[in-house]
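These notes concern the structure reproduced below.
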Amino acid sequence: MADFETPEIKEFIGIPALQEGSMAHSSPFIAKENHQEALGYPGELVENWQQVALDKMDDLRTRYRSFQVFLDSCVKCGACTDKCHYFLGTSDPKNMPVARQDLLRKVYRRYFTFAGKYFPKLVGAEDLTEEVLDDWYSYFHQCSQCRRCSVFCPYGIDTAEISMAAREIMDVVGKGQKYCNEIIGKVFTIGNNLGLPGKALANVLEGLEEDVEDDTGVAVKFPLDVKGADILLVTPSADFFAEPHIDGLIGYAKVFHETGASWTLSTTASEAGNFGMFIGSYENMRRVSMRIRDAAKELGVKRIIFGECGHAWRIAYSFLNTLCGPFDFLDQRYPIPQHILEYTWGELEKGSLRINKEENDHMTLTFHDSCNVARGSRMGDYPGGQFDYPRNVIKAVCNNYVDMDPKTTKEATFCCGGGGGLLTDDLMEIRVKGVLPRATALKSVVENEGVTHMAAICAICKSQFTKTLPYYGFTMDQIVSVHQLVSEALVMKGSEQEADLDGTDSDDTEE
Amino acid sequence: MSGFIAALLWVSLLVFVGFTGAKIRQYWKTPAPLKIPTTPAPVTQTGVVFRMAREVVLFESLFKSNKWIWVFGWMFHLGLLLAFFRHLRYVVSPENFMWPVISNVIVQSFGQYAGFAMVIGLLGLLARRFLVERIRYISSPSDYLMLVMLIVIGVSGLMMSFVTHIDVVQLKMFVMGLFGFDFQSLPESIALIVHLLLVVVLMLIFPFSKLLHAPGVFFSPTRNQVDNPREKRHLAPWAAEKYNDHVDK
Ligand code: HEM
Ligand code: SF4
Ligand code: SF4
């Protein structure tokens, strides 16, 4: 797999000279027939694929204002050309956001505009050929739909919207991506992206209960499918087994325990992630989301809270109400849905959690803003709350915190390089190259400010970083979950940690 | 010649208004099915009006993005706007209530120099297109030609203001005649003919080219949506029809 060169990490994030075609070879595995058909798409490239593609493009531009306006409005000013982490990491000009859009726009122009029909050369319009389709497949799977380009475009043109549309077009002609489509299929049949069945999930949770009790002496519960619980927690399935995700899950459970909340997970909605967005399919995105509504109704909960996951939070915050609202059966006094950080920060503000920050003193933290949270959602009731909530929580539980270069944080944050359905081994090269800007910013605070760990609030970010940052000399354990930090510092009532702090006797023996 | 140009001006104006209008109608009618403002975004409608105003007047996002493009682009557009206002004196008669606004010193004298700002801005943008590898890569012939055309419009206009000087009174009679269907002859000037012919071309290509960014920016969902999806359910008509069956359940 690893027959590529890891880019050299420099002092600063520089703009590379163009190397045409340098990533043309990068394409993910194509979805098999059964992956395609489970989602309602043809199993292989249909015979009249050109016509089908153009019809779909026409359909999309009548249903999505973004698509139509963005196709028309770009003035080729070039402001976005140096904003994409994949361009910065690969030097391939087709990874410049406007060039990526143009792969589709040139076809739109050719078939749907006066200028492109009659003067194709003049306006850069092109026929939809097999090579163009291959380029689409390659380069629309080198976009993590992170929306960084949209922040910097004078018209807010969002390449993510274009690449979602392109992927939907490719799905309907029968050229879908294996990774995304297979996973969506698993959600429908099993309930989560990992294909972790209910039994296995119950075992994992039981194991966690034992671990936490061993660690703290407190019987913290990880309830599953409890009817009548107040809160349904929906969290990415990576939280059930991957590192450092699982430490975050332990953090949520401890916070719920300590605040006396009645909560539950659900087997049928054991996944916050929703790859329906990545493939640009309203229908599939809705179908995946619907499980959450159904689970909430069936369990009779009053609130829905989402765990640490970036794209899941974008869909939950921005789209859930649209896709499967109204949620009039939930308690209207709480945000619907709510982010776990909104919950935890609320409790920290109320003072209902006892914190011993010294537990985290062996670390100096920095924080990676996840693209979907930063640019596609909000926390709290004011614009930009999504930047403050995680930082507030980290600072409330850690003494040492440093931000990275402001050109790489908050709304200007760089994607981890693994979002948008690219978190698969067959795209390792683009993932390693795409993490370069973040790695550069991290290296700078590590060297100059003594940062030891980077906290994240997204399952994809955490998986991507632990896998790709080692290519640049970092170690896996430098990535932590925000709720892992909470978990470390939280002093639960009746715990060994409380006993240690207060000097009262604990009946357990220390390890 | 005058009659020919008069006819072209009319045709191009009709094409411009008609087809740009149709485009605006298309943008208006096409729903945005999902809430996709680029956050942090305003949480109220008033906030959105201010955000849009900052984009249109100051090019805020472009400013964050690239200072060179911003400087040249902003000079060009501000120059264009002022020059446009200055041109209104040919169209508006002194009895019109708009006259005091148009004829005042600020518009007329700044307007005169705005042409320079416009041309300098355009030259800067053109230079970037040639010099910056990344922008060269994304440019089509039409992108260069459009800039060249605008430069020629600007330069021919400046020629008439500062070098050859044309008969402004006669020009005004031509323009007033144009709108009153009482066609008068144009002052004789090559610069003027070039200027007017290229304006004809500009109006003709406007609705079929990237110049649609001018109406487009107002319809961009990432900039014009209120960030309130949790508070208010947003639903497009096609989605309500096809994907809302759970509500009746
Ligand atoms: C609402 C009004 C308008 C807004 C907000 C607007 C905004 C912008 C912005 C932000 C850019 C990108 C930066 C730049 O290259 O300058 C741009 C480019 C451009 N605008 Fe406008 N514009 C408007 C109206 C117009 C009009 C009426 C024209 C007609 C001549 C025009 C012609 C152009 C051209 C030719 C470019 C491309 C410049 C290049 O090639 O680099 N704009 N506009
Ligand atoms: S959305 Fe992100 S990954 Fe895609 S082109 Fe824009 S900056 Fe690059
Ligand atoms: S910043 Fe926007 S308008 Fe400029 S080239 Fe990029 S997509 Fe086009």
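The mean number of Cβ atoms from other chains found within 10 Å of a Cβ in peptide B:23-33 is 4, as a whole number.
Got the relative contact order for chain B handy, in percent, Cα pairs under 8 Å and 6 or more residues apart? Taking the mean separation of contacting Cα pairs over the length of chain B, I get 36 percent.
Once R0 is set to 45 Å, what does the formula 1/(1 + (r/R0)^6) return for the Cβ-Cβ distance between A:N356 and A:M290, expressed as a FRET efficiency to the nearest 0.05?
About 0.60, to the nearest 0.05.
Averaged across the residues of B:124-136, what count of C-beta atoms belonging to other chains lies within 10 Å of each residue's C-beta?
Taking all residues of B:124-136 together, the mean is 3.
Inter-chain neighbour count for A:377-390: the average number of beta-carbon atoms from partner chains within 10 Å of each residue's beta-carbon is 3. Taking a point 7 Å out from the Cα of A:T475 in the direction of its Cβ, the residues of segment A:224-268 whose backbone N falls within less than 17 Å of it are A:243-244. Each Cα pair under 8 Å and six or more residues apart adds its separation to the average, and for chain A the resulting relative contact order is 18 percent. Only helices enter the 222 nm calculation for the protein assembly as shown: every DSSP H run of n ≥ 4 contributes -39,500 (n - 2.57), and dividing by all residues gives -16000 deg cm²/dmol, rounded to 500. Each residue in A:V301, A:V218, A:V451 was given a count of other beta-carbon atoms within 10 angstrom of its own, and listing them fewest first yields A:V218, A:V451, A:V301.
When the trypsin sites (Lys or Arg not before Pro) in segment A:1-92 are filtered for DSSP coil states and for at most 12 other beta-carbon atoms within 10 Å of their beta-carbon, the remaining sites are A:K10.
Restricting things to Cα coordinates, could you compute the convex hull volume per residue of segment B:52-205 in Å³?
Considering the Cα atoms of segment B:52-205, their hull volume per residue is 140 Å³.
Global dimensions of segment A:33-176 from alpha-carbon coordinates: Rg and Dmax equal 14.8, 43 Å. Modelled spin labels at A:L224 and B:D182, positioned 7 Å past Cα toward Cβ, are 9.0 nm from each other.
Pop out the Kirkwood hydrodynamic radius of chain A from its pairwise C-alpha distances, inverse of mean 1/r, in Å to one decimal.
23.6 Å
Short-range pairs are left out: with C-alpha atoms under 8 Å and at least six residues apart, the relative contact order of segment A:33-176 is 33 percent. Computed from label points 7 Å out along Cα-Cβ, the spacing between B:S2 and B:I106 is 3.6 nm.
Residue pairs exceeding 21 angstrom between C-alpha atoms, taken from A:K297/B:K35; A:K410/A:K443; A:K32/A:K186; A:K350/A:K395; A:K407/B:K64: A:K297/B:K35. By the beta-carbon count within 10 Å of each Cβ, the least crowded to most crowded order of A:T364, B:T39, A:T216, fewest first, is A:T364, A:T216, B:T39.
The ranking of B:S140, A:S270, B:S65 by Cβ neighbour count inside 10 Å, starting from the fewest, reads B:S140, B:S65, A:S270.
Sparsely packed loop sites in segment B:105-188 (the trypsin sites (Lys or Arg not before Pro) outside DSSP H, G, I, E and B with at most 15 other Cβ atoms within 10 Å) do not occur. A cysteine counts as unpartnered when no other cysteine's C-beta lies under 4.7 Å of its own; in chain A this applies to A:C74, A:C77, A:C84, A:C143, A:C153, A:C180, A:C309, A:C324, A:C398.
Modelled label positions at B:V56 and B:M98, each set 7 Å beyond Cα in the direction of Cβ, lie 1.7 nm from each other.
Values in this text are rule-based calculations from the coordinates and carry no lab data. Predicted model only: the values in this text are computed from it and were never measured. Cβ sites come from the backbone with ideal geometry, for glycine too, and all protein chains shown count toward neighbours.
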